Amino acid sequence: MKLKRILKWSARVILVALVLGFLVVFIAYWRSTNDCDRNSHAPSNPIKAIVHCEYGSPDVLKLEDVEKPVPNDDQLLVRVRAASVNPLDLTIRGPWLIRPLLGLRKPKDTRLGVDYAGTVEAVGRNVTKFKPGDQVFGGRDGALAEYVCGLADRAVALKPANMTFEQAASVPVAAITALQGLRDKGKIQGGQKVLINGASGGVGTFAVQIAKAFGTEVTGVCSTRNLDMVRSIGADHVIDYTKEDFTKTDQRYDLIFDLIGNHSFSERRRILNPNGICVMAGVGGAGWHDGMGMRLAGELNAYVRSRFVSQKFVAYIAQLNKADLTILGDLMQSGKVAPVIDRTYKMSETQAALRYLEEGHARGKVVIVIE
Ligand SMILES: NC(=O)c1ccc[n+]([C@@H]2O[C@H](COP(=O)([O-])OP(=O)(O)OC[C@H]3O[C@@H](n4cnc5c(N)ncnc54)[C@H](OP(=O)(O)O)[C@@H]3O)[C@@H](O)[C@H]2O)c1
């Protein structure tokens, strides 16, 4: 009798919790709003920027007037000359899994882009390391605009003099992902054998060059049309994934930097030396493609299973910072790293740039020139 009463009350409590939970989500969904709903007046000091008021395909992107940002005491105001796009910009599609962070019904942040390069136009009064006229590159939300404002002590550094704005703008997210994956997660050391799966894309082209700069022997995995390009940026060996499975050779590697995740834990473990590391950095080229869900599940499985073997399988999210931008600036200044730019678009062609990136077959970086 008592058990029946407990069960009845538990069912009621669960039902009420479910109804309340549904109501909270329903209200949060319909209250979800953004600048497009709030700002009805025309900007007093307009600049052009790429804006998306809704989630959707690259068709939702618009070139619009927004208010010119004003730097505070600790910030720089940069006139952007070039920007580049990354797979993360495709969150404009609003994947449901991360909508609680991005905004449930509409994107909270309506601006696009992170990577930029440009000229400092003004500095706040506490800023001593930069001055108007300095050429810089860095990462800041909303970088696809004529101007960005950002804290001087965050992810911004002087642009190497031997780099164009387009080259420098292609660096931040992709090159920092490669640097932090190889150095911090992969513990890369000179003389090691390193395999880079996905060597021809935005991150991969930097990874090949950075791994070479560390004095390693690099094997790049790419398709037939990219073999020469991957060789030309320094890979000692190349494997054509359309003809050969890199996990079925007799080679052993100290480090696998995997941007694709299309091989199982056992397959990759077989080609790793006993203390080797597999850095799981991504699940294929930009955009959604068949089998991506399975790849994500496979990476999670590899992460768990590697706890019980001598080889390590690690994952990470790259963090933009000034120190690593400075290291990358030095690598570019010394000629050890030179960005590979696939295509360049105007800001008014950002939709086309994102559509191209989303196909997942970029050869290096896709850059936007801000005129
Ligand atoms: N962990 C992080 O913090 C972080 C940061 C940035 C990016 N990522 C992830 O890293 C991955 C790569 O990013 P990205 O900017 O380099 O993307 P991307 O520029 O769109 O990569 C495109 C390249 O991937 C190659 N590719 C596709 N399928 C392949 C396969 N089966 N084998 C070998 N190469 C293949 C393509 O070559 P083909 O044309 O020959 O197919 C193309 O050159 C993405 O999944 C991205 O989400 C992670």
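The values are calculated or read from the model by the stated rules, or taken from the named source; none is laboratory data. Keep in mind that this is a model prediction, so the values were computed, not measured. Cβ atoms come from the backbone with ideal geometry, glycine included; neighbour counts cover every protein chain shown. For accessibility, only protein heavy atoms count, side chains too; no ligands or nucleic acids. Shrake-Rupley method; radii C 1.70, N 1.55, O 1.52, S 1.80 Å.
Measuring r between the beta carbons of residue 97 and residue 369 and using R0 = 41 Å, the FRET efficiency lands at 0.80. Peptides 41-53, 273-285 ordered by packing proxy, namely the average of other Cβ atoms within 10 Å per residue, highest first: 273-285, 41-53. Rolling a 1.4 Å probe over the protein chains gives residue 9 an accessible area of about 140 Å².
Would you work out the relative contact order for region 26-168, in percent, from Cα pairs under 8 angstrom that are 6 or more residues apart? Reported relative contact order: 29 percent. Which of 143, 132, 169 sits closest to the plus end of the dipole of region 127-170, meaning its Cα is farthest towards the positive end, when Lys and Arg get +1 and Asp and Glu get -1 on the C-beta? About the Cα centre, the residue reaching furthest to the positive side is 132. Taking the charge dipole of the chain about its Cα centre, with +1 at Lys and Arg Cβ atoms and -1 at Asp and Glu Cβ atoms, the residue from 229, 46, 86 reaching farthest to the positive side is 86. May I ask you to derive the relative contact order of the chain, considering only C-alpha pairs under 8 Å and at least 6 residues apart, and to give it as an integer percent? Once divided by the residue count of the chain, the mean separation gives 17 percent. Nonpolar atom fraction for the chain, defined as the carbon and sulfur part of the 1.4 Å probe accessible area, stands at 57 percent. Can you tell me the dipole magnitude for the chain around its Cα centre, using point charges on the Cβ only (Lys, Arg +1; Asp, Glu -1), in Debye to the nearest 20? Roughly 1680 debye, rounded to the nearest 20.
When only the Cβ of Lys, Arg, Asp and Glu is charged (+1, +1, -1, -1), the dipole of region 90-221 relative to its Cα centre reaches about 460 debye. Kirkwood radius and radius of gyration were both taken over the C-alpha atoms of the chain, and their ratio Rg/Rh is 1.04. Here the contact order of region 22-103, divided by its residue count and restricted to Cα pairs under 8 Å and six or more residues apart, works out to 26 percent. For the chain, give the share of DSSP beta bridges that are antiparallel, in percent and rounded to the nearest 5; count only bridges with both residues there. Restricted to the chain, the bridges split so that about 55 percent are antiparallel.
Counting only cysteine Cβ atoms and a cutoff under 4.7 Å, the chain contains unmatched residues 149, 222, 278. Among 290, 153, 74, the sequence by solvent-accessible area, most first, with a 1.4 Å probe is 290, 153, 74. Rolling a 1.4 angstrom probe over the protein heavy atoms with all chains in place gives the chain an accessible area of 50 Å² per residue. Multiplying each eigenvalue of the alpha-carbon gyration tensor of region 173-300 by 5 and taking the square root yields semi-axes of 19, 17, 15 Å, largest first, rounded to whole angstroms.
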